[in-house]
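The values are calculated or read from the model by the stated rules, or taken from the named source; none is laboratory data. Not measured: the values here are computed from a predicted model. All Cβ positions, even for glycine, are placed from backbone atoms using ideal geometry, and neighbour counts span all protein chains on display. Only protein heavy atoms, including side chains, enter the accessible area calculation; ligands, DNA and RNA are left aside. Shrake-Rupley method; radii C 1.70, N 1.55, O 1.52, S 1.80 Å.
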Amino acid sequence: MNIETFTELPQLQLAVADSFCELVDATLSSQDAFRVSLSGGSTPKRIYEILADRDLPWDQIHFYWGDERNVPHDHDESNAKMVRGALLTPADVPETNIHTVPVKVDDPAAAAREYEALLREHFAGQAAPQWDLVLLGMGDDAHTASLFPGTQAIEETDRWFVENFVKKFDAYRYTLTAPAINSGREKWFLIAGENKRDALAKVWSDTRLPNEYPSQLVEGAKWFVNSDAMPKQS
Ligand code: 6PG
């Protein structure tokens, strides 16, 4: 497994930002656009802030969301709001390159269908969206994106993007499905925090159950892991 560990979180964040810039340069040497699916949560926010100061060809980078909360885009819980504030606004990314989830708080199913239609248009002719990069985090329950253990979205194999009711929040989330994550050319997991240790140990082992974590996501992934999240050697 492709794991890079860091003793300090700032080192991890800088390494991801540097790797992102290198991947963009390499990708754009052979194609016109770089399409990335973004992770929400707190771990990537500093990475987005670092990237905002980099001299990247923003007009050739298209931003999508791997998951979103079922709240308006001006809500403090919104991943769109977080990414705009940390990266897209400071970097002056063209609005045409920003593809946010069209949240409909009262009709999440319709919003998910609308976003899926956009993805199928943007990735027309592909069996699943061929992201140049998918950024992913992981919760202490081993969820990634908004594929929470035991929820309906974990089992979805046909749709690319769905609404997902998460009982522990008593709320809907929006998420890419496992096939739509797994089709990414690069899948990077960004993980920090002692509370992730057990989840990571489970995901890296074969003890996980199918409804706990889509096992195919582990294959081919690159792991940027802070030392506080590394499973203890047994
Ligand atoms: C979200 C994320 C989610 C996140 C994990 C880890 O919308 O919250 O997409 O999957 O990556 O919950 O979050 P932290 O990085 O904040 O620990």
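Quick check on segment 169-208: of everything there that is of a type outside the set (Phe, Trp, Tyr) and free of Cβ contacts under 8 Å to residues at least 24 places away in the same chain, which residue is nearest to the ligand (Cβ to nearest atom)?
Only one residue tops the list, namely Asp170.
In the condition set (1) in contact with a helix residue (DSSP H, G or I) (Cβ under 6 Å, 6 or more places away or on another chain); (2) open to solvent by less than 30 Å² (accessible area, probe 1.4 Å), Ser37 is compliant with all but (1).
Taken over segment 32-67, the residue count meeting the criterion of being of a type in the set (Asp, Glu), free of Cβ contacts under 8 Å to residues at least 60 places away in the same chain and either under 20 Å from Gln130 (Cβ atoms) or touching a Ser or Thr at 6+ places or on another chain (Cβ under 8 Å) (or both) is 1. Taking segment 87-109 as the range and being surrounded by 15 or more Cβ atoms within 10 Å (Cβ to Cβ), among the aliphatic types (A, V, I, L, M) and away from the ligand (no atom under 13 Å from the Cβ) as the test, the residues that pass are Leu87, Leu88, Ala91, Val93, Ile98. Consider Asp76 carefully, then state whether it is open to solvent by 40 Å² or more (accessible area, probe 1.4 Å), within 16 Å of the ligand (Cβ to nearest atom) and over 13 Å from the mean Cα position of the chain (by Cα). When the stated conditions are applied, Asp76 passes them. Between Gln152, Gln126, the distinction of being closer than 21 Å to Gly40 by Cα and either free of Cβ contacts under 8 Å to residues at least 60 places away in the same chain or buried (at least 22 other Cβ atoms within 10 Å of the Cβ) (or both) belongs to Gln152 only.
Checked against (1) closer than 21 Å to Gly41 by Cα; (2) open to solvent by 10 Å² or more (accessible area, probe 1.4 Å); (3) of a type outside the set (A, V, I, L, M, F, W, C), Thr144 meets all criteria but (2).
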